[in-house]
Every structure is written in structure tokens, then in C-alpha cells.
Amino acid sequence: MKNENIIQYIYGIADNALILGQRLSELCGHGPNLETDIALTNISLDLFGQIRSYFQYAAKLSGDKKTEDDLAFLRIEREYKNVLLVEQPNRHFGYVLTRQFFYDVFHLLLLQELQKSTDETLTAIAKKGIKEVSYHQRFSSDWIKRLGDGTEESHHKVQEAVDDLWKFTDELFHMTEDDRVAVESGIGVDVSKLKERYYKRVGEVLEEATLTIPETKWFQKGGKQGIHSEHMGYLLADLQYMQRTYPNMEW
Amino acid sequence: MSKKEIKNTGTEATRSDRAEATRSLEEIFEQRIARDEKIEPKNWMPEKYRKTHIRQISQHAHSEIVGMLPEGNWITRAPSLRRKVALLAKVQDEAGHGLYLYSACETLGITREELYEQLHTGKAKYSSIFNYPTTTWADMGAIGWLVDGAAIINQVPLCSTSYGPYARAMIRVCKEESFHQRQGFEIMTKLAQGTPEQKAMAQDALNRWWWPSLMMLGPTDAESVHTEQSMKWKLKRKTNDELRQQFIDQTVPQADLIGLTIPDPDLKWNDERGHYDFGAINWDEFWQVVKGHGPCNKERLSARVNAWEEGEWVRDAAMAYAEKQEDKKLKKAI
Ligand SMILES: [Fe+2]
Ligand SMILES: [Fe+2]
Ligand SMILES: [Fe+2]
């Protein structure tokens, strides 16, 4: 497999962590109480830690003196390969936790498969990530239950988020061309095979949370091809601000 | 005095007994402090001691969490992944400090809700330094270096203060604050050694944060009301002016080292005193900001109030859920 393919494959995984980590970092200092503020920041920190491992590896593969920061900050919007789910804004705590939960369940399944990769670096990153993401999934599942089976208001709010964000879940299982090449060469994960386990796990938690599983069959997609929502440009404007304003400097 | 006589003057005797008892409690309390022993939540303490500690510890806790906001302002725009992670972790540490300090304060018989209420209504104060805006990335360096630096000077003596829970919280806090200070200085160093734009950014940040940092060490001794009592209770070991001098003496050589200029034309080494002399502090500005008229007082407070109000349904949900789980457990047990 060519290095360029591996790099593209890494974007497909790491960009999700990058954009979700960035969204979570917006909340630091504004949580509903100190304990959840600290916990959400922890998740963001874990994700940025993973991103650095992925991008340091990708930068090395690219071989042209690129750094992790070039990859994280200096691509155009079209070149970010994250799914639409993770770029959705922090409308309220119910959205934040639902987005997190929907991603965590996928993320854990993905890493459990990725640890079997024939690429040793990816295997190592996955193994380390599994520990962190297991905790993330526990945290977000617990909150879905609390909000779903808490008060009438919280039930209503989290159901609203579940209904709204559901349409972004299907994209997680779309195979891109880069995915196919990576699977064929043994380094990548066939995400289409994770779908059944994903919806089973998600369904169990929603049920325990007394929430209704949406019946919609209409799903949104595009992020994996670099076609994002209107929210993405603003997120990138923040993320890239310093690197764009002060190019070629060290910080 | 015969039994009969005591009976006749019963109320008076009880009152003086009580006064006697309080006096001896107070003596025990004061001896304990004199022996450098800690006062613990279960120990008797004078009401004034309790109130003063609630005021100071909560003010400190509020400063930690309001202090998350100016730096939180740059998390999404941090210039590199390494810096983003470090800044996130730093701001998270401040949340942790808030948590230890609120917990220490709660041991004095006040709830966190009450403490927040005092902050949100403006009854309780927080450090005025956080009412200044963070306008560039270099402010992350300046805050770590100067603000955390001044905080350490204020706080190291508190590690041996008389109230046990406060002293123990401060030991943990101070360790992390000195890490923050080194990190801030490292940001400044990198900028000062960088391109002309970066160096200008660093100098501009130093210019804006220098004087507010000096004010952070508190009003001059002549105007400081609490000092004497605070010294006795070991809430203070040195006066504000002594601490300020210590901060200046420590910081000026650091600025020299990285080639930045302290924005004070009157600053010069005084061989006789063995200290730096420095220019007059604009105390009008200080009191202005304390009274709520700083550049960001409104924004900081409303950010805290918003987070609290918008979080209410979340906290209610967690509580309701916990109660339901408790009920389920009980039913199972029956
Ligand atoms: Fe502090
Ligand atoms: Fe702190
Ligand atoms: Fe700090």
C-alpha cells in the first residue's frame, strides 16, 4: 500500500477525533458543573492525544518535512475527512452528550478492529485508545441514561437531540475508496461490518434511557468526501486562525 | 456563695458560665494556632474565624473558575496541537483547584449552591485580574508567567495556614501553579525568540499584564484592612507590599533573560535596599475594576451565570435519576 493511501486512511479516522475534540474544547469553562466540565475536557484531551499520534505518524509517512500541525491546521475544508456527526454544534448539553455517545460507540468498535491491523503503529495507537474510549463510552452512555430517565424536561431535550442527530449515524459505516484499499492491504477496518453491533449497542442504551429509537430512513452524508455542513467553516476558522495569520512560525 | 444565692442569681450565673466556657474554648483555639497546629472542621472556632475563612476561601475558589474564562478564550485557537493540549490541561487544572477549594469551603458549613449564589449576585468577589481581556496568543504566556506567578507568591504561605482543609488544598494547588508558571514563561520565551511579529506580540502582552499583575498582590499596606487579624490566623505571613516586592524582584531578571522590557520607566535596581525600585501603581484603575468597571467584568460574570443557569436542567436530571435508582435499589431490597 502506498504511503499516500495510508495518510488518506489516517485522515478518515483522525479527523473525526480532531473535529470532535475541537467541539468539546469550546465547552471548557462552561459546563453545567465543575465535575462534568472536567470530564468533558478530559475526553477532549484524550482525543487530542490520539490525534497527535496519528498525525505524527502520517507526517512521517509523507516524508516532505511536514509536521503534525501542518496536517491538523493547514488543509482546506474539502480535505478534512471527518463525518458530519462530529462537526455538529454544541446546541445544548443534550446534543453534546448524544453526539458523544453516537461517536463513542462507533469509535470503540473501530479501535477494537484497528488493533488487529497489520500496521504496527496503527495497532499501538488503537490499543492505547481502547482504554480511553471505553471510558468515554461509559461516560456518555451514563449521561444518556441520566438525561433520558431524569426529568421530563431532560427526557424531552435529549430525545430532541437523538432525533436530530440520528440522521448522521449511517455515514459512519460508509466505505470510502481509501477504506477499501486499506482493508484489502490488511491495515484498515471494514466499517460496514460494524453497523449491526453499533445499532444494537446504541439501541440498548436508548432503551434503558427510556428514549425512542428514531425510525427515520433518511440519512445525511458527505463528510467523508470532504463535503461538510455550513458549521465546518467556522470551526476551521477558529482552529486555523493562528497558523493562517502567522504562517511558518514556531510556537 | 451559698446554694440559695446561686439560685437567686441563676440567669446571671449561666450567662457568665457560658462566657467562661467560650473563653476557655477560645483559649484552646488560640493556643492551638500558636502551637502551629491545624484547626479542623470538627474543632470549635470563633464565628469571625469561620466567616473570614468562608470569605477568603470562596473568593479564591471563584477566582479559579472565573480564571478559566480568559484562557478558555484561546483554547479553540491555540497555534499548535502541543499548545492546545497544554492549555486545555491548564484550564482543567484550574477547574480542579476550584473543586478542592469549594470542598474546603463547604467544611465550614456552607453549600456550593450558596457560594455560587454569592458569586452570581456579585456579593462575593474574585480576583480582578480576570476582568482584563485576552486579545492575543501571547496573553496565554503572560498569564501563566505573571498571573500564576503572582498567585504562587500569594499562595505559598497559605500551605501552612491555620485552617487544615485550606492548607491541604493549597499544597496541591501550589504544585500545579508553579507548573503553570513555567509553562507560561516557556510560551513567552518561545515568542521572544521568534519572528519580529511574535516578539512584538510578547512585549505587548507584557505591557498589558504587568501592572494588573502587581495589583493582584493587593492594595498597599496602608489601605489593607484585614492584615493584622490575618497575620494572627496565618492567612497572611507577609504584607501585600512585601509580596509585591518579592514578585518584582523575582520577575525582572526573568524578563531580562528573554529580552523583554518591563513597562515601567522608574524601574531600577536599588543597591542599598537590595531590591528593585518601581513606579507608582494606578490604584484608581484597581478600585475601578474591583467595583465592577473593568473591561470584562460583565462578560465574566454573565458567562458564569449562563453556564449555571443553562446547566440547571442537567443537574436536575442527574439528581432525579439518582433518586430513581435509589428507589429501585430499595424496592429490590424489600
Ligand atoms: Fe490560584
Ligand atoms: Fe489555579
Ligand atoms: Fe494556574
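Data table
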quantity	calculated
Pair-distance profile P(r), taking every C-alpha pair of segment A:118-173, with 5 angstrom steps and integer %	4, 16, 14, 17, 19, 13, 8, 6, 3, 1
Separation of the B:GLN246 and A:GLN220 label points, Cα + 7 Å toward Cβ, nm	5.6 nm
Residue pairs, from the table B:LYS123/B:LYS328; B:LYS38/B:LYS125; A:LYS127/B:LYS84; A:LYS127/B:LYS90; A:LYS127/B:LYS190, whose Cα atoms sit over 31 Å apart	B:LYS123/B:LYS328; A:LYS127/B:LYS190
Trypsin sites (Lys or Arg not before Pro) within segment B:116-173: DSSP coil, no more than 13 neighbouring Cβ in 10 Å	B:LYS123
Exercise: per-residue mean of other protein chain Cβ atoms within 10 Å, B:302-309	2
Other-chain or far-sequence residues with amide H under 5 Å of B:HIS275's (modelled H)	B:ASN270
Two-site FRET efficiency, A:ARG180 against B:LYS328, from Cβ-Cβ distance with R₀ of 41 Å, rounded to 0.05	0.30
Cα convex hull of segment B:131-257 - mean projected area over all directions, nm²	8.0 nm²
Computed log₁₀ I(q)/I(0) - Debye formula, equal Cα scatterers, no solvent, segment B:59-114, q 0.20, 0.25 Å⁻¹	-0.70, -0.90
A:ARG244/A:TYR135 FRET efficiency (R0 41 Å; Cβ-Cβ; nearest 0.05)	0.75
Whole-angstrom gap from segment A:174-251 to segment A:50-74, using each part's C-alpha centre	19 Å
Other protein chain Cβ atoms within 10 Å, averaged over every residue that makes up A:139-147	3
Cleavage-rule hits (chymotrypsin sites (Phe, Trp or Tyr not before Pro)) in segment A:191-222: DSSP loop, at most 12 neighbouring Cβ within 10 angstrom	A:TRP218
Net dipole in debye of segment A:2-158 [+1 Lys, Arg Cβ; -1 Asp, Glu Cβ; about Cα centre; nearest 20]	280 debye
Lysines whose Cα lies under 28 Å from that of A:LYS221, excluding same-chain neighbours fewer than 8 positions away	A:LYS2, A:LYS81, A:LYS116, A:LYS145, A:LYS157, A:LYS167, A:LYS193, A:LYS195, A:LYS200
Set of aspartates and glutamates with alpha-carbon distance to A:LYS217 below 18 Å, sequence-local pairs under 8 removed	A:GLU160, A:ASP163, A:ASP164, A:ASP170, A:GLU171, A:GLU196
Chain B: most fluctuating residue of B:GLY67, B:GLY184, B:GLY274 per GNM, C-alpha cutoff 10 Å	B:GLY274
Additional length obtainable on full extension of the chain from A:LYS128 to A:GLU77, 0.36 nm per residue less Cα span	15.5 nm
Chain B - percent relative contact order, Cα under 8 Å, separation 6 or more	16 percent
Dipole magnitude (debye, nearest 20) for the protein assembly as shown, charges at Cβ of Lys, Arg, Asp, Glu	1300 debye
Gyration tensor verdict on the protein assembly as shown (Cα atoms; rounded if a/c is under 1.5, prolate if a/b is larger than b/c, oblate otherwise)	oblate
Sparse-neighbour loop sites [GluC sites (Glu not before Pro); segment A:186-251; at most 11 other C-beta within 10 Å; DSSP]	A:GLU215, A:GLU230
Spatial extent of segment A:88-229: Rg and Dmax, with the Cα atoms as the point set, Å	15.9, 50
Calculated FRET value between B:ARG168 and A:GLU160, using beta carbons and R₀ = 56 Å, to 0.05	0.80
For segment A:117-167 versus segment B:116-155, the gap between their alpha-carbon centres in whole angstrom	34 Å
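No lab work stands behind these numbers, since they all come straight from the coordinates. Here the structure is a predicted model, which is why all the values come from computation and not from measurement. Counting neighbours? That spans all protein chains shown, and the Cβs are built from the backbone with ideal geometry, glycine included.
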